[in-house]
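The values are calculated or read from the model by the stated rules, or taken from the named source; none is laboratory data. Every value quoted in this text rests on a predicted model; they were computed, and no experiment measured them. Note that each Cβ is placed from the backbone with ideal geometry, even for glycine, and that neighbours are counted across all protein chains shown. SASA here: full protein model, heavy atoms, side chains in, ligands and nucleic acids out. Shrake-Rupley method; radii C 1.70, N 1.55, O 1.52, S 1.80 Å.
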Amino acid sequence: MSSATQPIGVIARLLDLSERRVQQQQLSREGVIPKAERGQYDLIGSVRGYVRYLRDQALKAQAGAPDYAAERARFIRARADLAEMEAEEKRRSLIAAEQIEAAWIAVLALVRTRLLALPDRLAPQVFEQSTVGDTRNLIRAAIREVLDDLAQPDIELEADIDLAGGPDPEADGGEGTGSSEASARPDDQRLG
């Protein structure tokens, strides 16, 4: 037996592989580890072949070649995340983004409607106030009242809110609230 060839056990220990991996799997079949004769392997050729094989594997990993194990782990994590989201949705601890967006649009439309209604509601009362301080307190109280109403958790959104721009003109008696120029009436005169 020459020193250039060694039995499979020596080659396996040298490369830190099992004998089965060296002999039966791809390494000897694909020529990574050259076989000299029955049960004997070329020592230098085996080491060079295995080093070349490891280098090629490292280059493939760096080049972005799909790693089956990593891709499978990523797929399993994605499925687990999806199952967790579905469970949270069934427990009602997860809400779809579309539902949240629709709820915020409705809430903001309601805020807009309530705040735009303040001038029409307060104008007669402000006219009766004798001082600027009384007027300021009246306006602040009205704003706080609107904000307190909106802060109640059991508030129901009005069905007559036009989400595109404001209240439905027919819902508040035919008088819509728009911009200050559009809602100015002939009786709005500056008191002097």
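Observations on the model:
- For segment 30-79, filtered to residues that are of a type in the set (Gly, Ala, Ser) and touching a residue at least 24 places away in the same chain (Cβ under 8 Å), the residue that is least open to solvent (accessible area, probe 1.4 Å) is 46.
- From the options 121, 91, residue that is open to solvent by 70 Å² or more (accessible area, probe 1.4 Å), out of contact with any strand residue (DSSP E or B) (no Cβ under 6 Å at 6 or more places or on another chain) and farther than 17 Å from residue 149 by Cα: 91
- Tabulated pairs, segment 126-155, first at negative phi, second exposed (fewer than 12 other Cβ atoms within 10 Å of the Cβ) and part of a loop (DSSP other than H, G, I, E, B), C-beta under 8 angstrom, 6+ apart or interchain: 127/191; 149/155
- Condition met for residue 112 (basic (Lys, Arg), over 19 Å from the mean Cα position of the chain (by Cα) and open to solvent by 90 Å² or more (accessible area, probe 1.4 Å)): yes
- Test result for residue 88, on the phi < 0 side of the Ramachandran plot and modelled with pLDDT of 85 or more: no
- One residue alone among 58, 123, 117, 73 is of a type in the set (A, V, I, L, M) and under 27 Å from the mean Cα position of the chain (by Cα), and that residue is 73.
- Condition met for residue 135 (hydroxyl-bearing (Ser, Thr, Tyr) and touching a helix residue (DSSP H, G or I) at 6+ places or on another chain (Cβ under 8 Å)): yes
- Remark: residue 123 falls outside the filter, which requires a residue to be at pLDDT below 85 and more than 27 Å from residue 11 (Cβ to Cβ).
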